[in-house]
1. Give the residue that is surrounded by the most Cβ atoms within 10 Å (Cβ to Cβ), with candidates limited to residues of segment 126-150 that are in a helix (DSSP H, G or I) and charged (D, E, K, R).
2. Within segment 1-16, how many residues are at pLDDT 95 or above and over 11 Å from the mean Cα position of the chain (by Cα)?
3. Identify, please: which residue in segment 17-53 is assigned to a helix (DSSP H, G or I) and over 14 Å from the mean Cα position of the chain (by Cα) and is, among those, farthest from Pro72 (Cα to Cα)?
4. Keeping to segment 154-206, report how many residues are closer than 23 Å to Arg119 by Cα, at pLDDT 95 or above and surrounded by fewer than 16 Cβ atoms within 10 Å (Cβ to Cβ).
5. So is Thr185 hydroxyl-bearing (Ser, Thr, Tyr) and within 17 Å of Phe18 (Cβ to Cβ) or not?
6. Just give me the residues in segment 71-104 being buried (at least 24 other Cβ atoms within 10 Å of the Cβ) and outside any helix (DSSP H, G or I), in sequence order.
Amino acid sequence: MRASIRAMHVQILIYDGFDELDAVGPYEILHGAGFETELATLEPVDTITASHGTVLVPHATLAERPDLLLVPGGGWRDRKPVGTHAEYERGVIPAAIAERHAAGSQVASVCTGAMLLARSGILDGRPATTHWGAIDDLRAYESIDVHPEARVVDDGDVLTCGGVTSGLDLALHIVERVHGPEAATFAARLLEHDRRQEVFARATTG
């Protein structure tokens, strides 16, 4: 992931039943660090209702090739009719993730958003992690190298992280990759967040 003259275009894909902190935490960090950051939906809608009832107005619909597509989780373990498990079963979002990755987008997930990446096929042959409550489900994909000990897994153009608050560490890791450690340290200080840097990185980044 390299800095360029224009701001990196980040889209955070939101859908009914996603977990608020999975998306809003990374949004605050990435937007504050100067990335062109949007909450996006797959199709045009007026509002999205998150897992705890927060109603959000999306900024945009999903572009054909954002620089970075970030996918939150939410609603995996309870198998509600909306949320990550419902989108996993429906298959439309996983297909859209695969299309963007094939077009050249970098893809990241927070929490059980990793299950949507797994369904898309882009985690095949890669290291990854997710929320502890979905680790066994991720392990069911024998082609995925699961790292439950890692807070963030960085495989170059695909990144995953553990549950909920690890999305903050994922976003700070992205800031560090693009803008350097001082920028990430400053962003963490603004949040008064103590970074946890259990990062598994197979790929060489820079």
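1. So the residue we want is Asp137.
2. 4
3. Gly32
4. Looking only at that region, the number is 1.
5. no
6. Within segment 71-104, Val71, Pro72, Gly73, Gly74, Trp76 qualify.
The values are calculated or read from the model by the stated rules, or taken from the named source; none is laboratory data. Owing to the predicted nature of the structure, the values given are computational and were not obtained by experimental measurement. Note that each Cβ is placed from the backbone with ideal geometry, even for glycine, and that neighbours are counted across all protein chains shown.
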